[in-house]
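The values are calculated or read from the model by the stated rules, or taken from the named source; none is laboratory data. Keep in mind that this is a model prediction, so the values were computed, not measured. Here Cβ is always computed from backbone atoms with ideal geometry, including for glycine, and neighbour counts include all displayed protein chains. Side chains included, ligands, DNA and RNA excluded: accessible areas come from the protein's heavy atoms. Shrake-Rupley method; radii C 1.70, N 1.55, O 1.52, S 1.80 Å.
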Amino acid sequence: MEILSQIWSFLGLLTVLQNVLPTQLVSLLHSTYESIQDFFSPYSYFEIPEFNGYCGVDVNDLYRHVNLYLNSINSSSTCRRLTLSRSKSSNRISYTVAPNQMVRDAFRGHHLSWTHQVDSVQDSVEEKRSFTLKLPKRHRLELLNPYLEQVTARAEEFKRVSRERRLFTNNGHGSYESGWSSVPFRHPSTFETLALEPELKTQLMDDLTTFSEGQEFYHKIGRAWKRGYLLYGPPGSGKSSLIAAMANFLCYDVYDLELSKVSDNSELRALLIQTTNRSIIVIEDIDCSINLTGDRMAKTRNNQSMHKKNRHVIGNDTEDNGRVTLSGLLNFTDGLWSCCGEEKVIVFTTNHKDNVDPALVRCGRMDMHVSLGTCGMHAFKVLVKNYLGLDSHVQFDVVESCIRSGGTLTPAHIGEILLRNRRDADVAVKAVLTAMQAKILGADMDTTDGRHEYDDMERTPESTGRRLMESPDNWLEGSPEKKKKKEGSTWDKNVKFLVRLRSLTKSDSGRRGI
């Protein structure tokens, strides 16, 4: 008790002295005390204020980076009090360190800490915020800069991953301040749920990762930091789903560019300038968007003749009568204007690769050509897992036999069948088998009747199932040419194969008690 009374007496004396002594002398004594304390302390302290200077207008980027960094390292494990918040446009809960709370961290084997200082401003409702970094004094020179670089890098990565991504489309006013309108991008497609063969999936993921981490490499070789992908294949092969999976993998915004809404090349350039870094620019059905891929020699001849007839109207550079030209699109993807911004991916899609002008898809513009078609066995298993929640099924061997015999279907076709029959897994797989058997029959009929390869809409699974119940001889009715079967012909092989599949299906159904 005597010691406590002495301490209280000393504090009272200090209070009296503070009131009696001049303010300048009190400040001098206080600074001297802090200097002595800093001299004997084993730590160094660095303050990072919220604003630069004394005006409170210019935001300190380092303060923002520290706040994001402390979010990324899960400060809840070392901090007792956190401030939680969530915006209306995001489902993610973010938190900040509560006022005057400390967060511990480690770097290169040394212990560091952050303290969030919040002080009230005299005669004002505003607050003065700052972060104070404490690190070992002996190692401050070797730790400070590398640690702050790590803080900035982790903060930018956390911001890229956690921010709300947007899906943009051009609104027809690209020459004005904003030619894009947007909605939140929340497509659920990922590489894990994508119906692709594992080799192609791994190749795409590795290529995207290498691109996103290649800033120094692209700058070193003097090339714009962009990447082009051409996705081609029949309708329903998963081109749009792949684009969504790429955006979710990279955490990029998506710009869906509709060329039919673009008035001329100038507006196209304006739209490119307005796109942000770390984004995917998509032009779907490039061969059908506008007339770009015709015979360029014929266009040249027509333009020359029109120029001679209407020289006083057309002039020297008409940009194809105010429309987007092939030259303008080439400059958009690989010209001088393509270097506006960094870390951009340009994706073209088409159902018919041969209809796309070769100048659009050459190396340097479309760096990677991705062929998407029908499902292999691995892709089929992914779809069954997604729609039915099954890792295996007794009919998988029969499905694999159908795939090897030409009964492959697109992911959209299989997905629709599984979705329609998702309440019963056995019925769903059997319906897919029936559609594959129809595809095998349809492929042979297309070669004999001269019908289109994909024209199988009339041969529904129900009609094919009825035909498989009949005798194989009845399948050839109505076509005298088909009745003239040759030994070892493709038709005989298909018939025998389908009869064998039918028997296998029946035997499996009997074993399951169906």
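FRET efficiency for the V121 to T83 pair, using the beta carbon distance and R₀ = 22 Å, is estimated at 0.70.
Here is the list for the stretch 103-163: GluC sites (Glu not before Pro) lying in DSSP coil, each with at most 13 other C-beta atoms within 10 angstrom of its C-beta, are E126. Extension gain, S27 to R423, is 134.7 nm, computed as 0.36 nm per intervening residue step minus the present C-alpha separation.
Under the combined filter of DSSP loop state and at most 13 neighbouring Cβ atoms within 10 Å, the stretch 134-199 retains these chymotrypsin sites (Phe, Trp or Tyr not before Pro): Y176.
Roughly how many debye, to the nearest 20, is the charge dipole of the stretch 112-253 about its Cα centre, given +1 on each Lys and Arg Cβ, -1 on each Asp and Glu Cβ, and no other charges? Present the calculation step by step, with values, prior to reporting the outcome.
Values: 19 positive and 18 negative charges, 42 e Å.
So the dipole magnitude of the stretch 112-253 works out to roughly 200 debye.
Placing dummy labels 7 Å off each Cα toward the beta-carbon, the span from K353 to H111 is 6.0 nm. Distant-in-sequence amide contacts of V282, defined by a placed amide H-H separation under 5 Å and a gap of 5 or more residues or a different chain, comprise Y255, D256, L257, V347. Per residue, the accessible area of the stretch 327-423 comes to 45 Å² when a 1.4 Å probe rolls over the protein heavy atoms.
How many percent of the accessible area of the stretch 169-223 is carbon or sulfur, using a 1.4 Å probe? Answer for the stretch 169-223 is 52 percent, counting heavy atoms of protein chains only. With a Förster radius of 22 Å applied to the beta-carbon distance between S327 and S263, the computed FRET efficiency rounds to 0.90. Placing pseudo-labels 7 Å out from each Cα toward the beta carbon at K137 and S181 gives an inter-label distance of 6.3 nm.
If a spin label sat at a point 7 angstrom from the Cα of F396 along the line to its beta carbon, the backbone N atoms of the stretch 356-382 nearer than 14 Å would be those of 377-382.
Computed from phi, the 3J(HN,Hα) profile of the stretch 261-268 under the Karplus parametrisation 6.51, -1.76, 1.60 (θ = phi - 60°) reads 8, 8, 7, 7, 5, 5, 5, 4 Hz, with x in place of Gly and Pro. Think of a 1.4 Å ball rolled over the protein heavy atoms: the stretch 140-262 then has 50 Å² of accessible area per residue.
Return the subset of K220/K344; K226/K261; K239/K439; K344/K385 for which the Cα-Cα distance in this structure is over 29 Å, preserving the input order.
Working: K220/K344 17 Å; K226/K261 24 Å; K239/K439 22 Å; K344/K385 33 Å.
Where the Cα-Cα span goes over 29 Å, the pairs concerned are K344/K385.
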